[in-house]
Amino acid sequence: MKDILSLSKKVEDKIQSEFKKIDEISMENTKKVLNAFNKYSISEIHFAGSTGYGYDDIGRTAIEQVFADVLGAEDSLVRTQIISGTHALTVTMFGILRPGDIMLSITGKPYDTLDEVIGIKENTSSLKAFGINYEQVDLVDEDFNIEEIRKKLEAKEYKLIAIQRSRGYSSRASLNVDKIGKVIKYIKELSPNSIIMVDNCYGEFVEANEPTHVGADLIVGSLIKNLGGGLAPNGGYIAGKKNLIEQISQRLTAPGLGKEVGATLGINKSILQGLFMAPHVVAGSMKIATFAAKMLEELGYVTYPKWNENKTDIVLAIVFNNEEKLIKFCQGIQAASPIDSHVIPEPWAMPGYGDKVIMASGAFTSGSSIEISCDGPIRPPYIAFLQGGLTYESGKFAVLKAITNII
Ligand SMILES: *Cc1c(COP(=O)(O)O)cnc(C)c1O
């Protein structure tokens, strides 16, 4: 333990240059948030909220304007009625796609929980069950397969093109906003009518721009990840082109009702304060990931990304090549969490996931992964995905405990 502490001091000295870059991005995003709050005159009146149908909820309207502005979008849906990131993506896909349409993923197989939504795995309520087809192009050398994308777009009309920014539960690289912008430009030239949706989960505020700033028609994510800043009690967001948000809102609520309904049940203040905190909280979790990556590198482990690589999401993948170490590491994170630190997580068959998964999450908000959390599917090469942390200090404490646990 003493060795680990002295190593951690050296590591922290070495990573200060990365911290400086992270602070600069946090400043940019903080400016964006405060400018949007100012533009829409956010006041205490917006905290009041609504019940029942939720008509005329001026707080909800202001929140959706602020989110759109910050994200470089025309409009947004930011709702407590969106259950999770998976639900936000589901509503978006069902909102846009119609029987006979084809959806194309250009970042390989999407996040595990979308298997049954798309129909990669049988489900009587999948897009496939509604006659909506799915195709994918895998990444090559951790980048878009431009040649294959071109062939597809020249052969057929694709209604929706999906891009996943973050690695999800795979060891592939995450795709930064610059790369995403370039591929969007390329697609728009070949297939101007295709709607481009980016699964932005874990990516928000990691860079100074979002995919919507570089041409994405829609971005989608969860409020118990980055943009909730650890304060939003639940919810998700969808942001993008005004006409598309309008169409998706008809699926989220009901045709004819759209954006006009949806009570906020007292959460407006948490959403606004969460967004206000988010640039700083995201910066903290990037610092925790940087610290963990350098510590683990010193101890001989491979991480994606490396400590000094530019980041586009808050996820750190740690390759253990060993089932027991993966489990022990996650158990160490749990033991250092604020809530349920006395509980020992074990691998289990979680709904929506193919393999057994171990999840360490001792969070104030159940399942929140902007709070320190670590999880991994029990399959070779036994990778742990570490993310979040509401404060740098608590995240560092958890990383040190987890490392002690595997030594
Ligand atoms: C977290 C995540 C989702 C959706 O997750 P929920 O747990 O349903 O909020 C989708 N895609 C990616 C890349 C994610 O990281």
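The values are calculated or read from the model by the stated rules, or taken from the named source; none is laboratory data. Quick caveat: nothing in here was measured; it's all calculated off a predicted structure. Because the Cβ atoms are built from the backbone with ideal geometry, glycine has one as well, and the counts that use them run over all protein chains shown. Side chains are part of the model used for accessible areas, which takes the heavy atoms of the whole protein and leaves out ligands, DNA and RNA. Shrake-Rupley method; radii C 1.70, N 1.55, O 1.52, S 1.80 Å.
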Residue match in the range 219-236 (condition: in contact with a Leu (Cβ under 9 Å, 6 or more places away or on another chain), part of a helix (DSSP H, G or I) and open to solvent by less than 20 Å² (accessible area, probe 1.4 Å)): yes
Tally, over the range 352-371, of residues that are in contact (Cβ under 8 Å) with a residue 40 or more places away in the chain, open to solvent by less than 10 Å² (accessible area, probe 1.4 Å) and touching a helix residue (DSSP H, G or I) at 6+ places or on another chain (Cβ under 7 Å): 1
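To keep it simple, each residue is scored yes or no on (1) in contact with a Leu (Cβ under 9 Å, 6 or more places away or on another chain); (2) touching a residue at least 24 places away in the same chain (Cβ under 8 Å); (3) away from the ligand (no atom under 15 Å from the Cβ).
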site: G52; (1), (2), (3): no, yes, yes
site: V70; (1), (2), (3): yes, yes, yes
site: T90; (1), (2), (3): yes, yes, no
site: V117; (1), (2), (3): yes, yes, no
Cβ pairs under 6 Å, 6+ apart, first in the range 189-203 and within 12 Å of the ligand (Cβ to nearest atom) and open to solvent by 10 Å² or more (accessible area, probe 1.4 Å), second of a type in the set (G, A, S) and assigned to a loop (DSSP other than H, G, I, E, B): C201/S166; Y202/S166
Among the candidates S17, S26, S6, residue that is more than 16 Å from the ligand (Cβ to nearest atom), modelled with pLDDT of 95 or more, assigned to a helix (DSSP H, G or I) and farther than 26 Å from V206 by Cβ: S6
Qualifying positions in the range 368-389 - of a type outside the set (F, W, Y), farther than 16 Å from N405 by Cβ and within 15 Å of the chain's Cα centre (by Cα): S368, S369, I370, E371, Q387, G388, G389
T107 being surrounded by 20 or more Cβ atoms within 10 Å (Cβ to Cβ), β-branched (V, I, T) and part of a loop (DSSP other than H, G, I, E, B): yes
Of all residues in the range 25-50 being farther than 18 Å from M277 by Cβ and touching a residue at least 40 places away in the same chain (Cβ under 8 Å), the one that is most open to solvent (accessible area, probe 1.4 Å): A48
Those residues of the range 160-188 which are open to solvent by 10 Å² or more (accessible area, probe 1.4 Å) and polar (S, T, N, Q), in sequence order: Q164, S170, S171, S174, N176
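Table: residues versus (1) acidic (D, E); (2) within 28 Å of the chain's Cα centre (by Cα).
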site: K2; (1), (2): no, no
site: L7; (1), (2): no, no
site: E18; (1), (2): yes, yes
site: E24; (1), (2): yes, yes
site: E28; (1), (2): yes, yes
site: K32; (1), (2): no, yes
site: F47; (1), (2): no, yes
site: G59; (1), (2): no, yes
Residues located in the range 319-351, provided they are over 25 Å from K121 (Cβ atoms), open to solvent by 60 Å² or more (accessible area, probe 1.4 Å) and part of a helix (DSSP H, G or I): E324, K325, K328
Which numbered condition T113 fails, given (1) at pLDDT below 95; (2) not in a helix (DSSP H, G or I): (2)
Of the criteria (1) open to solvent by 10 Å² or more (accessible area, probe 1.4 Å); (2) more than 14 Å from the ligand (Cβ to nearest atom); (3) closer than 16 Å to T86 by Cα, which one L127 fails: (1)
Total residues in the range 302-317, condition open to solvent by less than 40 Å² (accessible area, probe 1.4 Å) and of a type in the set (S, T, Y): 2
